[in-house]
Every structure is written in structure tokens, then in C-alpha cells.
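Please read through the structure below; I'll follow up with questions.
Just so it is clear, none of the values below were taken in a lab; they were calculated from the coordinates. Note that the structure is predicted; figures quoted are calculated from it, not measured. Virtual Cβ from ideal backbone geometry, glycine too; neighbours counted across all protein chains shown.
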Amino acid sequence: MADLNTRISDFIWKNLEEKHFQARKNPFWESLRKTGTEIWLDTGDINEAEANWSAEMNALTTNNTFLNNEIQKGNYDVFISEAKPLIRELPYENRVREMAFIVNARHSLRLALKFGGLVSVDLHTDTAHDIKSIE
């Protein structure tokens, strides 16, 4: 049987089929990009990103608040239910942190595949002073 990290990775990537968004050019963002600026769209909401993403944009930023908004919409109810058995044997604190990672990774991959840019990802706040947990 594969180790936990491999099973989690396989689960996160399973059935990930985002259709690439065809962005249009925007003269305003194009002129800003010509100054050498990289343009990052600050949203985790896929619909909002579709409405605002242009061909000149490099990346999206997400954070725990944005992800929480997506979870509250119900977008990850089934995914979370299916993820629970993977981490059932972990201590409670680790389950919370791993579930946050699993959902964050899935959502960030969806954004990256859909928009073709980089995505910044916030780690769970419990990892702020625990370098070993993120190695």
C-alpha cells in the first residue's frame, strides 16, 4: 500500500478536469505589464477570476479566507467527505491541518489548471513556527 503522502497526492489529483479559460487581452493590463510588473489577481473565487482574468495576468493569490468562502458555498462538501477516510487514523490536530492542506491543494490546482498561471497558497497557521511540518 502506498504511503499516506502518495495516497493524499493521488486523491487531490483524481478527476481534476478543469477546462482552460481563454483570456482576452486588456490594453490597461498590457500597458502595466510593459513596465515590468507581474500582475497577480487576488481571488480564490473561480467565477470572479473568470470575470477579471486577462491574458496579461501571471498568477492568482489565495488565502484561508478565500478558501473558506468556497467551502461555505458547498463547492467542496463531497470532496471533503471523500477525503476523510484518508486521514482518519491521524491525531485530531493533524487531521485538521491535513484536511486544510488537501482542500487548499485541490482548489489551487483547479485555479492553476484553469487559468494557466501560478497560484500562491497559504499554509495552515499551525505550520507558522513548525518548519519540520512543511519540509
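When the dipole is taken about the Cα centre of the chain, and only Lys, Arg (+1) and Asp, Glu (-1) are charged at their Cβ, what size is it in debye, to the nearest 20?
That gives a dipole near 320 debye.
Could you calculate the FRET efficiency of R88 with E50 from 1/(1 + (r/R0)^6), where r is the beta carbon distance between them and R0 is 30 Å, rounded to 0.05?
0.25
I would also like to ask the following. To the nearest 20 Debye, how big is the dipole of segment 74-131 about its Cα centre, given +1 on the beta carbon of each Lys and Arg and -1 on that of each Asp and Glu?
The calculated dipole for segment 74-131 is roughly 280 debye.
Right, another one. With a sphere of radius 10 Å drawn around the Cβ of D126, what net charge do the other residues whose Cβ falls strictly inside it have (Lys, Arg +1; Asp, Glu -1)? Write out the running numbers ahead of the final one.
Working: positive: R97; negative: E93, D130.
Here the count lands on -1.
For segment 75-126, rounded, prolate or oblate, judged on the Cα gyration tensor with a ≥ b ≥ c (square roots of eigenvalues), a/c < 1.5 rounded, else prolate if a/b > b/c?
oblate
So, one more: Sketch the reach of a paramagnetic label on N63 as a point 7 Å from Cα along Cα-to-Cβ, and name the residues of segment 72-110 whose backbone nitrogen lies under 18 Å away.
Backbone N within reach: 72, 101, 104-105, 108.
Calculate the spin-label point distance for W40 paired with K14, positioning each point 7 Å from the Cα along the beta-carbon direction, and give it in nanometres.
Rounded to a tenth, the inter-label distance reads 3.2 nm.
Sequence neighbours fewer than 8 away in the same chain don't count; with that in mind, list the lysines whose C-alpha is under 16 Å from K19.
K114
List the GluC sites (Glu not before Pro) within segment 1-77 that DSSP assigns to loop and that have no more than 10 neighbouring Cβ atoms inside 10 Å.
Working: sites: E17, E18, E30, E38, E48, E50, E56, E70; in loops: E17, E18, E38, E56.
Here the GluC sites (Glu not before Pro) that fit, given the DSSP loop and packing criteria, are E17.
So what is the 222 nm mean residue ellipticity for the chain from helices alone, if each DSSP H run of at least 4 adds -39500 (n - 2.57) and you divide by all residues, rounding to the nearest 500 deg cm²/dmol?
-16000 deg cm²/dmol
For K132, give me every one of the aspartates and glutamates with a C-alpha distance below 15 angstrom, ignoring sequence neighbours fewer than eight places off in its own chain.
Qualifying aspartates and glutamates at Cα under 15 Å: E98.
May I ask you to list, by number, the DSSP H helices of the chain whose Cα span along the axis is at least 20 Å and whose average Kyte-Doolittle hydropathy reaches -0.5 or more?
92-115
Can you sort I87, I39 so the residue with the fewest Cβ neighbours within 10 Å comes first?
Starting with the residue having the fewest Cβ neighbours, the order is I39, I87.
Please arrange V119, V96, V78 by counting, for each residue, the other beta carbons lying within 10 Å of its beta carbon, fewest first.
V78, V96, V119
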